[in-house]
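See below for the structure under consideration.
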Amino acid sequence: MPENYLPVLLQVLVALGFAVTVLIASVIFGRSARTNATKDSAYECGMLPIGEGAPRFSVKFYIVAMLFVLFDIEVVFMYPWAVQFRDLIAQGPAALVSMAGFAGILVIAYAYALKKGVLNWKS
């Protein structure tokens, strides 16, 4: 059994050897560049890097993004259930009741978000 892992071990050793060889060669043959303030500044597509890097966003954007991901993932859980719906119903009503409970929890969460004003952009 261990002889089956010999090609994998050989490939790992060759990859590690190549990585070490290239790193050592770059240190030996590479030139050290002189540094100055112009070369050390960030390159921003030809623009001078003045001001903050990114604009500030309201927390509402992040909350809506989290709600989107949350409800999107719930659809991922509902899809396999919908594909197997006929087979599940043939076995009994337990699958329908469990999905109704799941959807009910989602409706309650959505109503809670609406009540808290999460989706109201004017406030």
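Derivation of every value follows stated rules applied to the coordinates shown; laboratory data play no part. As the structure is a computational prediction, the values presented were derived from the model and not from experiment. A quick note on method: Cβ atoms are made from the backbone with ideal geometry, for glycine too, and the neighbour counts reach across all protein chains shown.
What to note about this one:
- About the Cα centre, charge dipole magnitude for the chain (Lys/Arg +1, Asp/Glu -1 at Cβ), debye: 540 debye
- Calculated mean residue ellipticity at 222 nm for the chain: -22500 deg cm²/dmol, from DSSP H runs with n ≥ 4 weighted as -39500 (n - 2.57), summed, divided by the residue count and rounded to 500.
- Long-range Cα-Cα pairs in the chain (distance over 25 Å), rounded percent: 68 percent
- Coil-residue GluC sites (Glu not before Pro) of the range 1-105, DSSP, other Cβ within 10 Å capped at 10: 52
- Residue 39 paired with residue 62, simple spin-label distance in nm, labels 7 Å along Cα-to-beta-carbon: 3.9 nm
- Stretching the chain fully between residue 120 and residue 106 yields a gain of 3.1 nm (0.36 nm per residue, less the alpha carbon separation).
- Along the chain, longest interval not containing exposed trypsin sites (Lys or Arg not before Pro), exposed being DSSP loop plus at most 16 other Cβ atoms within 10 Å: 57-121
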